[in-house]
Each structure stands twice: as C-alpha cells, then as structure tokens.
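Report on the structure given below.
The values are calculated or read from the model by the stated rules, or taken from the named source; none is laboratory data. Note that the coordinates shown come from a computational prediction; the quantities given were computed from them, not determined experimentally. Accessible surface areas use protein heavy atoms only, side chains included; no ligands, DNA or RNA. Shrake-Rupley method; radii C 1.70, N 1.55, O 1.52, S 1.80 Å.
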Amino acid sequence: MTDPSTRTAPTQRTTGRHRRGSGTRLGHGRRVPTAAVLLGTLAACAPGVSVPEAPNGTDPVCASVVLALPAQLGDLPRLRTTSQASAAWGTTAAPVVLRCGVAVPGPTTVHCVSVETPGGPSIDWLALADDPAAQGATSWTFTTYGRAPAVQVRVPAAVASSHSTSFLDQLGPAIAQVDPTRACL
C-alpha cells in the first residue's frame, strides 16, 4: 500500500494555474511547498546592518581587508552589511561597524594607541570618545593611523560597556593588509 502523502500528482499541462502538490522535491518522495522554499530564499536576502559606504571603499586593498576579517569579535557574531568594504558584529540594534576607505587622518592631537596583534603586527589607532560628556557608557570611534586606505571601527556604548574595546587586536591581521606609512609618536 502506498502512503498518499508521498505520491506525486501526474504531470499535466496547465495554463496560468499551479498544479496541486507543486514544490521542491526532497528525498523519499517528500515535497516542500514552493512558498516555503521562496520564503527561505527571501530570508537569506534580508537586509543587513545599514552602513554608509566610505568615500574610498572601492579601493582594492579594502576588499583584502574585508576578506581577512574574523567571523566573530569575541562573542559577537558577524552580521551582513548593506555597503561595500564594510562589516558588522553583534546585534542589528547595536552593532560594532567597520568601514574601510574612510578619509586618511593627517597629523592630529587625537589620542593614538598601538594595539598589539597576537602573532602579528602592531596597529596604530586614533581613539575618539564620541560623546565624553554623556552620562553612562561612551561610544568610541577608532580610525587607523598611518595606513591608506584608512579603516574605521565604531563601537556603540552598549557594546563598550559590556565588552570593552579589547577586541581590536582581533582585527589586526585584516588591517595588516594595508601597509603602514607612519606610526604613532
């Protein structure tokens, strides 16, 4: 006796109508309705974190940087982004956002820190508190110093308060794709 749920409808030509039981065939005669397959496909195309494209984001070196970025920063998973030469980690509500191809900073009085990369080079970052006068946690913007194209990482207050910014060292191997031309003093 044949199980009626595994039988397929006979092939027939229809015009403008779907035949009953249409879908994508799985193993053992089971079918997934076409709508379910379409829904799964659309979910994979869902918009990511909205990131404005950097002015020099089309620089080929930025492609190398993005390809070398880690899948996670600490316990923050990588998210999809909406622009070229960008990446994000964490949650869509408060993501850590990286953009390659931002304006290269010139000489500055902004605090410059050198972050050692385990087994790799030291990366110089300009560290700027976005609103130091604000109550509670502070958002941070880090921009590479002495590298062109420059890379910027924005860390929202929600992440800085619970994770600090110590994960910058995990970005070192990717940032090292950009050759240094200057260093912090």
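A simple rule links phi to the HN-Hα coupling: the Karplus curve 6.51 cos²θ - 1.76 cosθ + 1.60 with θ = phi - 60°, which for the stretch 115-127 gives 10, 6, 9, x, x, x, x, 8, 10, 8, 10, 8, 10 Hz, with x for Gly and Pro. Share of carbon and sulfur in the accessible area of the stretch 115-177 stands at 53%, probe radius 1.4 Å. For the stretch 167-176, backbone phi angles converted through the Karplus equation (6.51, -1.76, 1.60; θ = phi - 60°) give residue-by-residue couplings of 6, 4, 5, 5, 8, x, x, 6, 5, 5 Hz, Gly and Pro being listed as x. Rolling a 1.4 angstrom probe over the protein heavy atoms with all chains in place gives the stretch 135-183 an accessible area of 42 Å² per residue. Size of the stretch 94-180 from its Cα atoms: along the principal axes, largest to smallest, the extents are 38, 28, 19 Å. In percent, rounded to a whole number, the relative contact order of the stretch 127-185 is 32, using alpha-carbon pairs under 8 Å and six or more apart. Taking amide H atoms as placed 1.01 Å from N in the peptide plane, the amide H of residue 83 lies under 5 Å from those of 51, each 5 or more residues away in sequence or on another chain. Sequence gap at least 6, Cα distance under 8 Å: using those rules, report the relative contact order of the stretch 80-159 to the nearest whole percent. It comes to 30 percent, rounded to a whole number.
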